Amino acid sequence: MAAVAILAILVALSSYGLRYTGTARMNNAVFDVAALMNTAQLRAISRGAPHYIFIHQPFQNTTQPGRVRVLMIERPDVPAITRTDWQTLNLTSGVAEALQYTGTRSDGTVGPMNANPRDRVELGTTWTEPGNSQPANASFLGFLDLDSIRIRKPLPPPFSAISLTTTVQAPNLNIPALDLMVGCNFCINPSGSEPYGVLRFNADGTMDVMTGNARSGAVIAFAPSTREERDVIPKLLTISAPAGAVVVF
């Protein structure tokens, strides 16, 4: 009887942990990305050089989105990347090479140098820990389509100016998806490239949205995507332009 009771307690604890894993993943993701954005703004001001938040999602294969990566990159404007070129970056050889700039190398010569990410966050949109009852690639963190009726509209000023819509819609607007594109209003997916979005923090403290048409500000809608937590209230990570104020709703 004691063994049966202990087993029942363990099963209950396991179910409880599984039930709230997605919510914890969502909260942690929002906090980590918001902190990285704030750091990029402070570094741009203190160092007097533009800093970029580069968010992208390499695909695991032709059908399944992979882990979302958020990079903070310091990059001088030599040469500057035009707004048009931001929409068509070639990421085949990686982000660092796509954002090359002209700088002074360690040997004193001047020439093209790869951009150097200063910090990064990886968001686990898939989960493959062995030994768990969940199937391989079971997802705990997802993105909710900004067109969903579950998202309160409009946001309070000045965030009410931010467009709460995306260029790609989820198959079901009210159920979280793994695709970053359905929940990110400034992310783009050029032909032959992985989805990505770019925010630029300037030395004067302002922020510009470099990709897409979200000139007034950026927003990403996070949500747990486990079956048990699909109805959990999503969190919107918003950042207004040009003030660069980061707020979570």
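Residues checked against (1) among the hydroxyl-bearing types (Ser, Thr, Tyr); (2) modelled with pLDDT under 90; (3) within 20 Å of Leu123 (Cβ to Cβ); (4) part of a helix (DSSP H, G or I):
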site: Ala5; (1), (2), (3), (4): no, yes, no, yes
site: Ser15; (1), (2), (3), (4): yes, yes, no, yes
site: Leu18; (1), (2), (3), (4): no, yes, yes, yes
site: Gly22; (1), (2), (3), (4): no, yes, yes, yes
site: Ala29; (1), (2), (3), (4): no, no, yes, yes
site: Asp32; (1), (2), (3), (4): no, no, yes, yes
site: Leu36; (1), (2), (3), (4): no, no, yes, yes
site: Thr39; (1), (2), (3), (4): yes, no, yes, yes
* Asked: Going by the conditions given, is Val182 among the aliphatic types (A, V, I, L, M), within 24 Å of Tyr52 (Cα to Cα) and modelled with pLDDT of 90 or more?
  -> yes
* Structure fact -> Out of (1) outside any helix (DSSP H, G or I); (2) over 27 Å from Phe222 (Cβ atoms); (3) not aromatic (Phe, Trp, Tyr), the one Ile55 does not meet is (2)
* To do: May I ask you to list the residues in the stretch 139-163 that are assigned to a helix (DSSP H, G or I) and buried (at least 16 other Cβ atoms within 10 Å of the Cβ)?
  => Phe159
* Asked: Taking the stretch 58-83 on its own, how many of its residues are buried (at least 21 other Cβ atoms within 10 Å of the Cβ) and either modelled with pLDDT under 90 or at positive phi (or both)?
  -> 1
* Structure fact -> Of the residues in the stretch 136-149, those that are modelled with pLDDT of 90 or more and either under 11 Å from Ala223 (Cα atoms) or among the aliphatic types (A, V, I, L, M) (or both) number 6
* Can Pro112 be described as surrounded by fewer than 16 Cβ atoms within 10 Å (Cβ to Cβ), modelled with pLDDT of 85 or more and in contact with a helix residue (DSSP H, G or I) (Cβ under 8 Å, 6 or more places away or on another chain)? -> no
* To do: Under 7 Å between Cβ atoms, at least 6 apart or on separate chains: pull out the pairs that start in the stretch 181-207 with a residue that is under 21 Å from Thr39 (Cα atoms) and among the charged types (D, E, K, R) and end on any residue that is at pLDDT 95 or above and not in a loop (DSSP other than H, G, I, E, B).
  => Arg200/Tyr52; Arg200/Met207; Arg200/Asp208
* Residue check for Ile233: more than 16 Å from the chain's Cα centre (by Cα) and crowded, with 23+ Cβ neighbours inside 10 Å -> no
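Residues checked against (1) of a type outside the set (A, V, I, L, M); (2) more than 19 Å from Gln87 (Cβ to Cβ); (3) touching a Phe, Trp or Tyr at 6+ places or on another chain (Cβ under 9 Å); (4) part of a loop (DSSP other than H, G, I, E, B):
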| residue | (1), (2), (3), (4) |
| --- | --- |
| Thr165 | yes, no, no, yes |
| Pro171 | yes, yes, no, yes |
| Asn174 | yes, yes, no, yes |
| Val198 | no, no, yes, no |
| Asp208 | yes, no, yes, no |
| Gly212 | yes, no, yes, yes |
* Selection status of Ser191, out of contact with any helix residue (DSSP H, G or I) (no Cβ under 6 Å at 6 or more places or on another chain) and in a loop (DSSP other than H, G, I, E, B) -> yes
* Kindly list, by first and then second residue, each pair from a residue in the stretch 40-51 that is closer than 16 Å to Val70 by Cα to a residue that is of a type in the set (A, V, I, L, M, F, W, C) and surrounded by 17 or more Cβ atoms within 10 Å (Cβ to Cβ), limited to pairs with Cβ atoms under 6 Å and residues at least 6 apart or on different chains. => Ala40/Ile53; Ala40/Met72; Ala40/Phe201; Gln41/Phe201; His51/Ala40; His51/Ala44; His51/Phe201
* Structure fact -> Reported set for the stretch 148-176 where residues are polar (S, T, N, Q) and without any contact (Cβ under 8 Å) to a residue 60 or more places away in the chain is Ser160, Ser163, Thr165, Thr166, Thr167, Gln169, Asn172, Asn174
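The values are calculated or read from the model by the stated rules, or taken from the named source; none is laboratory data. All values derive from a computational prediction rather than experimental measurement. Cβ sites come from the backbone with ideal geometry, for glycine too, and all protein chains shown count toward neighbours.
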